[in-house]
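Before any comments, here is the structure.
Only the coordinates and a few stated rules stand behind these numbers; no lab work does. None of these values were measured; they are calculated from a predicted model. Please note: Cβ atoms are built from the backbone with ideal geometry, for glycine as well, and neighbour counts cover all protein chains shown.
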Amino acid sequence: MNVITQTADGSNTLYNETIGEHYHSKHGALQESKHVFINAGLRHAREVFPDQPLQLLEVGFGTGLNFLLSTAYAEENSVPMAYTGIEAYPLGTEELKSTNYGQYVSADIWNKFIEQYAESLVNEVQLTPQVKLDIAHTTLETFNTGQTYHLIYFDAFSVQHQPEMWSDEIIGHVCSFLKPGGIFVTYAITGKLKRALKSFGLKIEKLPGAPGKREMLRAVRL
Ligand SMILES: C[S@@+](CC[C@H](N)C(=O)[O-])C[C@H]1O[C@@H](n2cnc3c(N)ncnc32)[C@H](O)[C@@H]1O
């Protein structure tokens, strides 16, 4: 059962009663998504891979907030993007609507997202001129693909609430989907995560965290 709640920057999130955690930072869902995933992730990936359509993988698609902001960026900057979400427990369309995230993107992006979300769980959809979306309705543990990605958003519930998502084995599994030079971003940073990423051949960068958090992590596959 998920309950809608407001975070410190006025944007909404969902509280997952089973896991006992919010889908986003309670210090600000919108701020965190922009800081960690759009600014440290997508903008940076665009600088590193300026001339290529971007292939992006998100672990934990959830409400689609990261997706919506990424789509707005892609449309504003004319960046072709194929976005794959992995989601074990997809939300219903009514739950997506209850977030009110339409206020952070154009009406066109929001309406197309709401209209085509259910289809994107089954087939890839061309959601906007620049952006294709497909959501793999599966766990990260069983997700597999022949494809590799320029950028991975790792947005799992925290290690305190879902430690199995942060095991060395799972981190190795997700990193195997990165292209050489590909970028991994997440809101959290721990010694164990850094050691695991290094052991899989990634170079770690510590960056200032979103409001309310000291640091975040970005890593690059060498
Ligand atoms: C922190 S929330 C993600 C927030 C999301 N990025 C958003 O913007 O709303 C974590 C997500 O991971 C999903 N999840 C939990 N266990 C999973 C698993 N084993 N594999 C894939 N997704 C999982 C949850 O259902 C939830 O949607």
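Summary table
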read-out: Qualifying residues in the stretch 20-33 (those that are under 12 Å from the mean Cα position of the chain (by Cα) and in contact (Cβ under 8 Å) with a residue 40 or more places away in the chain) - the one farthest from the ligand (Cβ to nearest atom); value: GLU32
read-out: Some residue of the stretch 76-86 being near the ligand (Cβ under 10 Å from one of its atoms) and not hydroxyl-bearing (Ser, Thr, Tyr); value: yes
read-out: Positions within the stretch 103-117 being more than 25 Å from MET165 (Cα to Cα), within 16 Å of the ligand (Cβ to nearest atom) and touching a residue at least 24 places away in the same chain (Cβ under 8 Å), in sequence order; value: TYR104, VAL105, ILE109, TRP110, PHE113
read-out: Strands (runs of 3 or more DSSP E) wholly inside the stretch 1-60 containing at least 2 residues that are crowded, with 16+ Cβ neighbours inside 10 Å; value: 12-16, 54-59
read-out: Which numbered condition ASN39 fails, given (1) in contact (Cβ under 8 Å) with a residue 12 or more places away in the chain; (2) away from the ligand (no atom under 14 Å from the Cβ); value: (1)
read-out: Single match in GLY182, GLY212 (criterion: surrounded by fewer than 19 Cβ atoms within 10 Å (Cβ to Cβ) and touching a residue at least 12 places away in the same chain (Cβ under 8 Å)); value: GLY212
read-out: Test: residue in the stretch 149-170 that is more than 16 Å from the ligand (Cβ to nearest atom) and among the hydroxyl-bearing types (Ser, Thr, Tyr); value: no
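Here is a yes/no grid of residues against (1) touching a residue at least 60 places away in the same chain (Cβ under 8 Å); (2) more than 8 Å from the ligand (Cβ to nearest atom):
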site	(1), (2)
LEU14	yes, no
THR18	no, yes
HIS44	yes, yes
PHE49	yes, yes
GLY60	yes, no
THR63	no, no
ALA74	no, yes
